[in-house]
Structure formats: structure tokens, C-alpha cells
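Notes to accompany the following structure.
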Amino acid sequence: MYVHLGGDLIARVTDIVAVLDVRLVARAGINQEFVDKAAAAKHLLGGGLTPDCKALVVTRTDVIASPISPATLARRMTHLRQAAMAWERET
């Protein structure tokens, strides 16, 4: 299953490692260094840290900047995981 991250961005739910609030990323130098390294390696997707970016979604291979709030993304992923588990129980 895939989760919509805003715009034309999607990610496989099982590939998502973390969803970070951009406000917290901006406060810590180590987080900014992580984002800079992802950008330098061309693994930062979604336009980068623009003013409309609210969350960073860390996947196994990329870091995706999302205009959707971290709470909304977490809710979406929870619903998808619950649906997937229900489907597995039925099959």
C-alpha cells in the first residue's frame, strides 16, 4: 500500500522509516546536516525545505519533503496499516 505525501508524491508504507516535523529539523544542526547530505546525494525529493514544507518523510532510499502535516501523514499510515492487517486476516 502507498501513502499520498502531497502533490504527486507517494511512498510505500512499508518503506517509511520516519516522519519528521520540519520545525524540529530546523532547530537541530545534526538534522539539517542530514537533510543537506540527502540533497547533495540527490536523495531529497519534493522540492526540498521550502516555506510550504511541513514534514520530512524518511524512506529506505530517500528523504521526501511534504506539504502535509506530520500528524496527518501519521493518521494516513495508521489507517493504511490497519486496513492491510484486516485484509491479511481475511485471506
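The values are calculated or read from the model by the stated rules, or taken from the named source; none is laboratory data. Values in this document were obtained by computation on a predicted structure and should not be read as measured data. Every residue, glycine among them, receives a Cβ derived from its backbone with ideal geometry; neighbour counts consider all protein chains shown.
Residue under question is ASP62, and the condition is that it be out of contact with any Leu (no Cβ under 9 Å at 6 or more places or on another chain) and at pLDDT 85 or above; does it hold? For ASP62, the condition - out of contact with any Leu (no Cβ under 9 Å at 6 or more places or on another chain) and at pLDDT 85 or above - is not met.
I'd like to verify a number: residues in the range 1-57 that are among the basic types (Lys, Arg) and within 17 Å of PRO67 (Cα to Cα), how many? Lay out the reasoning, then the answer.
To start, the set of residues in the range 1-57 that are among the basic types (Lys, Arg) comprises 12, 23, 27, 37, 42, 54.
Okay, now just the ones that are also within 17 Å of PRO67 (Cα to Cα), so 23, 54.
Residues flagged as among the basic types (Lys, Arg) and within 17 Å of PRO67 (Cα to Cα) within the range 1-57 amount to 2.
Output the residues belonging to the range 28-73 that are within 15 Å of LEU9 (Cβ to Cβ) and charged (D, E, K, R). Once the filter is applied, which keeps residues that are within 15 Å of LEU9 (Cβ to Cβ) and charged (D, E, K, R), the range 28-73 yields ASP52, LYS54, ASP62. Note on the range 13-48: residues that are in contact (Cβ under 8 Å) with a residue 24 or more places away in the chain and closer than 30 Å to TRP87 by Cβ amount to 9.
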